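Worksheet for the structure shown next.
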Amino acid sequence: MLKDVTFGQYYPSNSFVHKMDARIKLLLCLVFMVGIFFVQSFVVFGFITVFLIILIASSRVPLKSILKSIKGIIVLLLLTVVLNIFFTKGDPEKDKLLVSWWIFEIWDAGLYFAAKMFLRLVYLVMGSSVLTLTTTPVDLTHAIESLLKPLKVIRVPVHELALIMSLTLSFIPSLMEETDRIINAQKARGADFDTGGLVKRAKAFIPILIPLLVGGFRRAEELANAMNSRCYEGATKRTQMRVMKLTWRDLVGTLVVLLFFVTVFVIFGMKSQWINANVDWLYINDVNWLYF
Amino acid sequence: MSKPNKQVVTPQLVTDSQTAIVAQNLCFTYNAKSPFSKQALNNITLNIKKGEFVAVVGHTGSGKTTFVQHLNALIRVQSGELRVLEHNLSQKKVDLKLLRKQVGMVFQYPEYQLFADSVLDDVCFGLKNFGLKDKAEREALAEEAIGLVGLDFKEVKNKSPFDLSGGEKRRVALAGVLAMKPQILVMDEPTAGLDPRGKREILSLVSSLNKEQGITVVMVSHDMNEVYENADRIIVFRDGQIAYDTTPRDLFRNEEDIVSMNLEIPHMAKFANELERNGYIIPDNCKTVEQTFEAVMRLKGGE
């Protein structure tokens, strides 16, 4: 039952993007996300679309799994689009008023803005889901740890944070398995989770939650003992089993992404974009804080 | 996988009152149609009679646990036919309550399923779920089951199950299943993690339930010695298929093949095989040390 839910989103494959270093992927993903926010014209969005198509094709992840990730933000998307359409006030000298009814006004500028916001959010999610679909959670944790290393200088316990993260990740599958087993065991004793009123259903979860909680503590204690008995000491110069290495793929990937963004922004007027972008940022901060 | 051929299926699936479990071309794939898909069962066909003590063995990942979870519909049939007692599990509609009452399932490490405030409540959980309203009746059944697993009812009934020792917890969990008076008892490694004495006690309990009350037992196990001594019949799973389905003695005559499946040869089987190779034949039903000893003494006396 719970086994059907694949943990995380990782889609195993052997593609170019899969083989890239997780750190580079993470950084490029950040570049992409920031870049997306500077895009103002539909022409540039066209280029971004082409870029995404190439990216997805080279990651060999089926488009279906990528589109699935959009499902999660569908409410946010609708809300954004609707609010932007109705509450964007156009400039009477430049823009056209399309519909006006009671306190609502729909301007063409509002439609454009809503469309851009929609594309921006969708591309943001698609871009980042390429990262999570092609990188295992473990690799991602390692990448974060490695990228945060400089913070050690100001005494941020980077290694411990990464350890907590990776322990959490590694506990999830075993806890899911245990949940599955407990559910089955209680079902075999006639437990019924699907019928009855709210109270009855909530009560039906007690026989699952208690053993799960007890098991969770047991596992945590066992793990702590195991680590102690092996003299685990945290950040004192530990080596890693999987050493992350940069390869030609990372160089090529980085160059492609950076070249793409630089070219597109140079061709389509960096200067005016910067101004627009600044206005856009202000706008977001003042009115559309919902995005953040 | 290939759909079962209806023409071949029907005649063999006729069940009579003596049949407990029939499977025909049972197949199961985890995460079908995803990159994680894994075929766990591949054309399983078998027939288990009422009152049999069947052991299911096989290497990790051979599909044995998947198979036994089919038996009380924790996993639903994907393709193929499966009947358990009067239930046809290949059909969508199954009386799950009745089925699960009749087929008691003891999971691996069953002590991890305990949850109630007291041992009595935990043992009664199943009875309550299966609609036994009368409290006194429930307690009577619980008392009987707790006595059966060798615990003192008066002493443990009000204790928290979490205060018991590991072996006692397992007995309580077993009692929770036995209290429902199942006709078929399915157990997934019931002795794993117990000390030798605890193992012996659980096995002799299961054995006596099988012999005296006629309960059909299906036991998954990794311990070939206990399987050899207790089961009437052993089914060996390999890569989702049945590799062997035969009596313990016959099974372990194929020493090389058994070892190649990462299974052990039981001590007594090894001994008997060695005797046979040297021309001394002892009866097939000599499975324990004592029985073998007597048989050897008889051989000696006869010479």
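The values are calculated or read from the model by the stated rules, or taken from the named source; none is laboratory data. What you are looking at is a predicted structure, and each value in this text was computed from that prediction instead of being measured. Backbone-built Cβ (ideal geometry, glycine too); neighbour counts: all protein chains shown.
What to note about this one:
- Filtering A:Leu163, A:Leu213, A:Leu198 for residues that are surrounded by 12 or more Cβ atoms within 10 Å (Cβ to Cβ) and not small (Gly, Ala, Ser) leaves a single hit, A:Leu163.
- Leading residue by the ranking (surrounded by the most Cβ atoms within 10 Å (Cβ to Cβ)) among those in the stretch B:267-294 that are among the aliphatic types (A, V, I, L, M) and over 20 Å from B:Val227 (Cβ atoms): B:Leu275
- Those helices (runs of 4 or more DSSP H) of the stretch A:158-244 in which at least 3 residues are touching a residue at least 24 places away in the same chain (Cβ under 8 Å), considering only elements entirely within it, cover A:158-188, A:206-229.
- Taken residue by residue, the stretch B:105-122 has no member that is among the small types (Gly, Ala, Ser), within 30 Å of B:Glu264 (Cβ to Cβ) and in contact with a Phe, Trp or Tyr (Cβ under 9 Å, 6 or more places away or on another chain).
- When residues in the stretch B:81-118 are screened for being within 14 Å of another protein chain (Cβ to nearest Cβ) and on the phi > 0 side of the Ramachandran plot, 1 of them pass.
- For B:Ala192: the one exception among (1) within 14 Å of the chain's Cα centre (by Cα); (2) assigned to a helix (DSSP H, G or I); (3) farther than 22 Å from B:Leu98 by Cβ: (2)
- Any hit, the stretch A:143-156, residues being among the polar types (S, T, N, Q) and surrounded by fewer than 18 Cβ atoms within 10 Å (Cβ to Cβ): yes
- Failed criterion for A:Asp180 (all others in (1) within 11 Å of another protein chain (Cβ to nearest Cβ); (2) within 29 Å of the chain's Cα centre (by Cα); (3) on the phi > 0 side of the Ramachandran plot hold): (3)
- Residue satisfying all of: in the stretch B:141-162; assigned to a helix (DSSP H, G or I) and within 14 Å of chain A (Cβ to nearest Cβ); surrounded by the fewest Cβ atoms within 10 Å (Cβ to Cβ) among these: B:Phe162
- Conditions (1) within 20 Å of B:Val84 (Cα to Cα); (2) surrounded by fewer than 16 Cβ atoms within 10 Å (Cβ to Cβ); (3) modelled with pLDDT of 80 or more; number of the one not met by B:Gly63: (2)
- Hey, B:Ala295 touching a Cys at 6+ places or on another chain (Cβ under 7 Å) and small (Gly, Ala, Ser) or not: yes
- Number of the condition not met by B:Gln78 [criteria: (1) surrounded by fewer than 23 Cβ atoms within 10 Å (Cβ to Cβ); (2) within 14 Å of chain A (Cβ to nearest Cβ); (3) under 19 Å from A:Ala191 (Cβ atoms)]: (3)
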